[in-house]
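The values are calculated or read from the model by the stated rules, or taken from the named source; none is laboratory data. The model shown is predicted, which means the values in this text are computed figures rather than measured ones. Cβ: placed from backbone, ideal geometry, glycine included. Neighbour counts: every protein chain shown. Note: accessible area is taken over every heavy atom of the protein model, side chains too, but ligands, DNA and RNA are not part of it. Shrake-Rupley method; radii C 1.70, N 1.55, O 1.52, S 1.80 Å.
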Amino acid sequence: FDKKKIFNYLEKNNIYPSQIIEETFLFIPIIIDENINDLNIFSNNQIYNNWNKSAKKTELINYLLPSEDLEDMSLIKSKIDVIESYDFEEILKKYFLNHSIITLVFRSNNEIKVLSKININEITILKNYTFKNINFENENELKKLINQLKLKYEDLWKNHNQINTSIKLSLSIKVDSSDNFKISNFEEILNETDLIYNFSISKFDKNFTYYKIIYNGTPNNFIKSMSQYDYKLDTQNKIWILE
């Protein structure tokens with residue numbers, strides 16, 4: 001089984017797979033009743049109370065719901081008139097997570113409008129969804145709504161982690177030649193990393209072994225992927241140094 005050959009075959013057919021990356025998102029669902037101009041955040045919020053009851057093992061997103069905080073509740077309620085533009089920064093910073101989803105559920109008669117603010121690192125994505133005839137007191141209908149929203153968030157996360165083999169970034173990295181274990185381990189990681197299209201040793205001398213790497217992504221993504229293995233890179237010069 002050769003992943004790179006599979007990726008090349010899929011690329012020729014305009015199919016781009018995604019990396020299987022599990023991640024934790026802070027999830028804040030807020031139900032706004034437009035008929036009475038009020039909102040529910042915690043205890044009286046059916047989505048908050050039931051969201052993690054239907055968790056599936058195949059889901060890549062792990063949802064962390066905020067704790068019931070009276071100050072947070074008071075703050076959010078004070079923003080009801082500007083809730084769509086409010087950034088929730090005061091609440092988000094308490095949880096030290098890079099990713100979050102703020103879901104605003106507007107209820108009006110038989111129609112449900114959902115505005116989702118998905119924050120991935122420092123990127124914010126806005127998505128609007130509309131659902132008809134959802135009875136929040138009906139367990140099956142509520143579960144269906146939750147599953148549909150989860151599916152949309154999963155698809156968006158997979159799309160964010162799409163492996164685009166048409167991007168071929170050339171990187172030059174040198175590794176201390178005296179450390180055989182580091183060299184061996186580095187090559188093993190390169191072989192296992194999905195976004196590494198190809199790599200080879202371009203030259204070596206008594207001090208360094210020089211690698212030419214073709215990567216299907218951005219420099220920042222490569223640096224982040226290496227940091228997962230506790231590798232740091234000195235990127236100040238054209239040829240990076242593996243520290």
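Taking 0.36 nm per residue of separation and subtracting the current Cα-Cα distance, fully stretching the chain between Asp234 and Ile125 would add 36.1 nm. At a probe radius of 1.4 angstrom, the accessible area of the stretch 169-220 per residue rounds to 55 square angstrom. Restricting the count to DSSP beta bridges whose residues both fall in the chain, what percent are antiparallel, rounded to a multiple of 5? Here the share of antiparallel DSSP bridges comes out near 75 percent. Applying 1/(1 + (r/R0)^6) with r as the Cβ-Cβ distance of Ile189 and Asp69 and R0 = 41 angstrom yields a FRET efficiency of 0.50. For the pairs Lys168/Lys212; Lys79/Lys150; Lys56/Lys152; Lys168/Lys224, flag any whose C-alpha to C-alpha distance is greater than 19 Å. Going by Cα-Cα distance, Lys79/Lys150 fall outside the 19 Å limit.
Peptides 235-242, 168-175 ranked from most to least packed by the mean count of surrounding Cβ atoms within 10 Å: 168-175, 235-242. The convex hull drawn around the Cα atoms of the chain, when projected onto a plane and averaged over every direction, covers 16.8 nm². Relative to the longest principal axis of the Cα atoms of the chain, the long axis of helix 139-160 lies at roughly 30 degrees. As a fraction of the 1.4 Å probe accessible area of the chain, surface on carbon and sulfur atoms comes out at 46 percent. Summing charges over all other residues whose Cβ lies under 14 Å from the Cβ of Asn110, with Lys and Arg as +1 and Asp and Glu as -1, gives -2.
Annotation: peptides 206-214, 80-88, 39-47, ranked by per-residue average of other Cβ atoms within 10 Å with the highest first, follow the order 39-47, 206-214, 80-88.
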